[in-house]
Each structure stands twice: as structure tokens, then as C-alpha cells.
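Taken together, the values in this text are just the output of simple stated rules run on the coordinates, not laboratory data. What you see is a predicted model; the values in this text were computed from it and never measured. No Cβ is skipped: glycine too gets one built from the backbone with ideal geometry, and neighbour counts run over all protein chains shown.
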Amino acid sequence: MKYTRNIFAVLIASLTLASCSAEQKTEDGWIDLFNGKDLNGWKPVAGTATFEVVDGEIQGTSVAGSPNTFLITEESYGDYILELDLKIEHLSSNSGVMTRGQFDPAARDGKGLVFGYQIEADPSERAWSGGVYDEARRGWLYPLDLNPDAKSAFKMGEFNHYRIEAIGNEIKTWINGQEVAYIVDDMDKTGFIGLQVHGIQKAEDAGRKTSFKNVRIQTENLEPKAFSKDIFVVNNSLNSLTEYEKSNGWKLLFNGQNSDGWRGAKKETFPESGWSVNDGLLTIAATDGSESTNAGDIVTKDQYSAFDLAFEFRLTEGANSGVKYFVTLSEGNVGSAIGLEYQVLDDDKHPDAKMGKDGNRTMSSLYDLIKADKNARFIKPVGEWNKGRVVVTPDNKVAHYLNGVKVVEYERGSQAYRDLVAISKYAKWDNFGEAEAGHILLQDHGDEVSFKNIKIKELK
């Protein structure tokens, strides 16, 4: 009996040691997810790239013809703070850290598919390391055009310290102590941690190394780290602002419940019909496709000079609309009020896309003046939501963004700007687009278009 008890005790001790080998909790609440010796607690999925432990580091090696391969934790986590060090040795490589990652083992004919939030490691000239990419799902959620100062944080060929906070519906990232990305998103509440070796097709790229070390996590008594700078927040929660956004001066222009703060462009009240507020969306109904001849445009009651304006829009097939700024309502013209316009358009089906000059009437363009420099990868199709943004700084520099990527930039009042106006449909308006302040306008062009998450921050 004593011998049996001893064997049982040894067995229990062995199992306990095995279960703790991957996760070792330190006195300050950190749990080591990697013990520096083996890959206990981890498993590779979705590809054929290899992972091994070399000199106390997890080393991933690319394999030609393999899709993205991930080394994922066997455990799932909800709210946590994750820290790790990551090194990429070659510019042709790419990596990332899955945060609350998901895995479908049946996808791709049983080869499996990893999807969900990925914190990017991007050594390319684009330099979007620390941005948030929704792997195999929605694509980029936080490109670093939204925080260009952070593009220099990642150091090629060196270990970079990543900090990732996933608390509630917020994800924040740092690289080497620099604040990088901030999103609010309700898609995934829990999931695994994953380390990526990016898929490659060229044989000469085989054998590239990506290394990870000092992988640790906190899951209890979390103390989130505040961002010190005014970082743009991609907030996907419907018509809401975080306390951080409010503290930095952001305000909702549309509260999701009624038309407060808006009126008709050519009347003192909000249109009685045509525009509606339902399910948190502000929608203009379809009529005959004519410009501002039915319900009419709507404008903010307040006027703005320098500002950061963000909004989301959803087109129906063949639809046309626009978001105008520096609208003074002083021209007394027929049709849509005069102002600088962020074009909202179905480029494929609406004829206006082929009018104007050199594509300067396509989606996100400065209408009839400057064509948006868009990559098709960053355009959401008709029926899905696109994110627009217009930033006007106090020195009159202006930028348009589409889904987080800068697509237009110019300077109001510059000679280059005035030369463009002179050959546009706006040439007849004196000092077009150069007012000190103006209303924000949503256009009725006779097509159904919806808006949400309209927010603004005044800049000084």
C-alpha cells in the first residue's frame, strides 16, 4: 500500500510539473507562456512552417508554398495584458501576434484557418507594425496612416518589445514603449495567443527566421496603461465615444437616436421626410437620383474651421452622395449647397465616376478637384460600411482617408489648389473652399445612403 501511495504521489507531482511548465506565474502576477525550453502549451496550426526552441527563443522558419502558419496557445484568454519580444531577420518576412485568435479546423479542406485580431509586425517600407489586422476576416482595422509617428517604432533585425492590452472591447498596442494603435470592437471576447510565420510562395524566401521570447501574460488585477498622446481611436461600437476620446475633445455629431444638431441646408428645421433615423443609422431614402431636389441636404447647426471629422457610410448599388465641409450657405444656388466635398459614390455603377477629370469624382476624392489614390484592397463593397475621415489642420492642410488609409492631401488657398479650382466646375465661385469656417453637410443625391459613427474634434 505504501509503495502504491508513493507511485501515486510521483504521478501527481509529474502531472503538476507538466501543467505548469508552459505557464509559470511570477510574484507580480505575470504568467510565463513560454518556459524557454520547449513548446509545451503551444501547437502549430494552419501551415507547414516550423517552430522550434533555439537558445531560449521560439524560432519560426518559413517554408516555400506554405500558407500562414501559427503557433497558438492551447489555452484561451479573455481580458489580459500580453508582453513579448519579436524579431524579424529579413525584409521579405512578415509576422504578427494573434490576440483573442480564432481557429476553424475544418476550413480549407481540413487544413484549418486562423482568423481574428492580429497585431502586425511589418518590416516593409509601409511600416505598419503594431497596427491591427483582422486576419482572414475584415482586413485592416488600424493601419498606421492613422498614427504615422509610430511607423518608426519597429526596429528591423532587433528584438522589439510588444505590449498588447485586450480589456473589454478595447485593444491597445505599444512597440518599444511607443503608443501605436487603439481600437474598440465587439467581435471577439476570448481566444488564443498566436505567433505567426507568414506564408511565402518564392523558394528563395524559404528559411527566413522570425523569433519570439519573453512571452508573458497578466489575466488578473489588470492595470491598463493610459495613452499619453492623442491617438486616433477606431471605435466600431455604434455611435459611441470612449472616455479617452471625450477627454481629447471628440464629440458625436449624430447621437444615433434623433436629428439633434442637424437641420435642412435650406431651411431652419430638419426635413420632414426623406431623411430618417432608425436602428442607430442616419439614412437618406432613394428617390429619382436627382441632386438635392427631394428631401434636400442636411447640415450641422454649428460651423467648424480646423477639425478632425470621422464617419462611416454605406452605399446601395449605383448610389451617389457626399460629405461636404466649409459649407457657408451664402451662394444662394440651386441644387446642393456649395462646399469642398468628400465624394461618396459607387464607382462601378454610377456614371459620375467616369466624369470630371482623371477620376476626380470617384469615391473619397476631393470632388472635381483631386482623385483619391485608392488601393482596391481597402475599399469595402456596396452594402458594407466604409470609414471616411477628413482632417483640416489650422494651417489649412487637408487630408482625406478611406478605411484608415490616406488617399488625398492638399492645402486650401495654395496656388496649386487655386489652379485646380480654376479648371473645375467651381471656378465661378470666388474663393471657393477658402472660408474661415463652415457647416458639415450630408448630401441628398436621390439615392439611398446610410451614415453612422459621425464624430468630430476641433483642432487648434
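If you find the alpha carbon centre of segment 39-89 and of segment 347-392, how far apart are they in angstrom?
Cα centroid of segment 39-89 versus Cα centroid of segment 347-392: 39 Å apart.
Sequence neighbours fewer than 8 away in the same chain don't count; with that in mind, list the lysines whose C-alpha is under 21 Å from Lys43.
Lys43 reaches Lys25, Lys87, Lys111, Lys209, Lys213.
Hey, with R₀ at 41 Å, roughly what FRET efficiency would Lys267 and Glu158 work out to, going by the Cβ-Cβ distance, to 0.05?
So, using R0 = 41 Å, E works out to roughly 0.10.
Calculated from the structure, mean projected area of the Cα convex hull in nm² equals which of (1) 40.6; (2) 27.1; (3) 24.5?
Only one option fits the structure, namely (2).
Across segment 387-400, in residue order, what do the Karplus-derived ³J(HN,Hα) couplings come to in whole Hz, using 6.51 cos²θ - 1.76 cosθ + 1.60 with θ = phi - 60° and x for Gly and Pro?
9, x, 7, 10, 10, 10, 8, x, 8, 6, 7, 10, 9, 9
For segment 239-458, what relative contact order do you get, as a whole percent, if you take Cα pairs closer than 8 Å and at least 6 residues apart?
33
Residue by residue through segment 52-57, which ³J(HN,Hα) values in whole Hz follow from phi under the Karplus form 6.51 cos²θ - 1.76 cosθ + 1.60 (θ = phi - 60°), with glycine and proline marked x?
8, 9, 10, 6, x, 10
Can you give me the Cα centroid spacing of segment 287-314 and segment 188-261 in angstrom?
30
Return the distance in nm (one decimal) between the two label points of a simple spin-label model at Lys251 and Glu89, each offset 7 Å from Cα along Cα→Cβ.
Simple spin-label model gives 5.6 nm for this pair.
Which of the three applies to segment 22-218, rounded, prolate or oblate, going by the alpha-carbon gyration tensor with a ≥ b ≥ c and a/c under 1.5 meaning rounded?
Cα axes put segment 22-218 in the rounded bin.
Explain nothing, just compute: Karplus ³J(HN,Hα) = 6.51 cos²θ - 1.76 cosθ + 1.60, θ = phi - 60°, for every residue of segment 211-226 in order, whole Hz, x for Gly and Pro.
With the stated coefficients, segment 211-226 comes to 10, 9, 7, 6, 7, 9, 9, 10, 10, 10, 6, 5, 10, x, 8, 6 Hz.
Taking H placed 1.01 Å from N in the peptide plane, check which residues at least 5 places from Val407 or on another chain put their amide H under 5 Å from its amide H.
Here His400, Tyr401, Leu402 satisfy the definition.
Give me, ordered by chain and number, the residues 5 or more places off Ala306 or on other chains with an amide H under 5 Å from its own placed amide H.
It is Leu459, by chain and number.
Can you tell me, using C-alpha contacts under 8 Å and at least 6 residues apart, the relative contact order of the chain as a whole percent?
Computed value for the chain: 15 percent relative contact order.
Please enumerate, by chain and number, the aspartates and glutamates with C-alpha under 20 Å from the C-alpha of Lys460, excluding those fewer than 8 residues away in the same chain.
Asp149, Asp230, Glu245, Asp302, Asp308, Asp395, Glu409, Glu411, Glu434, Glu436
Semi-axes of segment 357-460's equivalent ellipsoid from the Cα gyration tensor, sqrt of 5 times each eigenvalue, largest first, rounded to whole Å?
23, 17, 15
So, in nm, how far is label Thr293 from label Asn375 when the simple model puts each one 7 Å beyond its Cα toward the Cβ?
4.1
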